[in-house]
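Worksheet: one structure, shown below.
The values are calculated or read from the model by the stated rules, or taken from the named source; none is laboratory data. Computed from a predicted model, the values in this text were never measured in an experiment. With ideal geometry, Cβ positions are generated from the backbone for all residues, glycine too; neighbour counts draw on all protein chains shown.
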């Protein structure tokens, strides 16, 4: 587990040092911000993109582990006016996923994508939704 954490942290530090981490991403949102524990609930994630060199088909939403690493992606974001996206070509990428957490927690998420011709990922700032017992 420590090796994974070190690799994840080292990658984020390298991107931050290059001024790349989060620079192409503007506002990130998740709706609703609070869901009920133990219930399947659709959430919508959207993020505004400032850089047209970002590979549009590469944006995915990851749940962030307690060690700060991005786990497996659970949602792909689109800017095509379909698949959960409202307006094609507006540089706001959106997607909807059904989530179900059995207990109260705060779920931290991160959007990761790639620039055309650059193999290192670009990452948004972390943001979150809350799961509550209701």
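Somewhere in segment 109-129, is a residue without any contact (Cβ under 8 Å) to a residue 24 or more places away in the chain and in contact with a strand residue (DSSP E or B) (Cβ under 9 Å, 6 or more places away or on another chain)? Scanning segment 109-129 turns up no residue that is without any contact (Cβ under 8 Å) to a residue 24 or more places away in the chain and in contact with a strand residue (DSSP E or B) (Cβ under 9 Å, 6 or more places away or on another chain). Of all the numbered requirements in (1) surrounded by 13 or more Cβ atoms within 10 Å (Cβ to Cβ); (2) modelled with pLDDT of 95 or more, residue 40 misses one, and that requirement is (1). The sole residue among 82, 63 that is in a loop (DSSP other than H, G, I, E, B), modelled with pLDDT of 85 or more and at negative phi is 82. Being in a loop (DSSP other than H, G, I, E, B), surrounded by 13 or more Cβ atoms within 10 Å (Cβ to Cβ), modelled with pLDDT under 95 and more than 14 Å from the chain's Cα centre (by Cα) is a condition met by at least one residue of segment 45-52.
Say we look at segment 89-134 and pick out the residues that are closer than 22 Å to residue 32 by Cα and exposed (fewer than 12 other Cβ atoms within 10 Å of the Cβ); which of these is modelled with the lowest pLDDT? Only one residue tops the list, namely 134. The test for being part of a strand (DSSP E or B), loosely packed, with under 12 Cβ neighbours inside 10 Å and modelled with pLDDT under 95 holds for residue 72. Condition check: modelled with pLDDT under 90 and either crowded, with 16+ Cβ neighbours inside 10 Å or in contact with a strand residue (DSSP E or B) (Cβ under 6 Å, 6 or more places away or on another chain) (or both). Does residue 33 satisfy that? For residue 33, the condition - modelled with pLDDT under 90 and either crowded, with 16+ Cβ neighbours inside 10 Å or in contact with a strand residue (DSSP E or B) (Cβ under 6 Å, 6 or more places away or on another chain) (or both) - is not met.
Within segment 112-134, the residues that satisfy the criterion of being part of a loop (DSSP other than H, G, I, E, B), within 24 Å of residue 100 (Cβ to Cβ) and over 17 Å from the mean Cα position of the chain (by Cα) are 133, 134.
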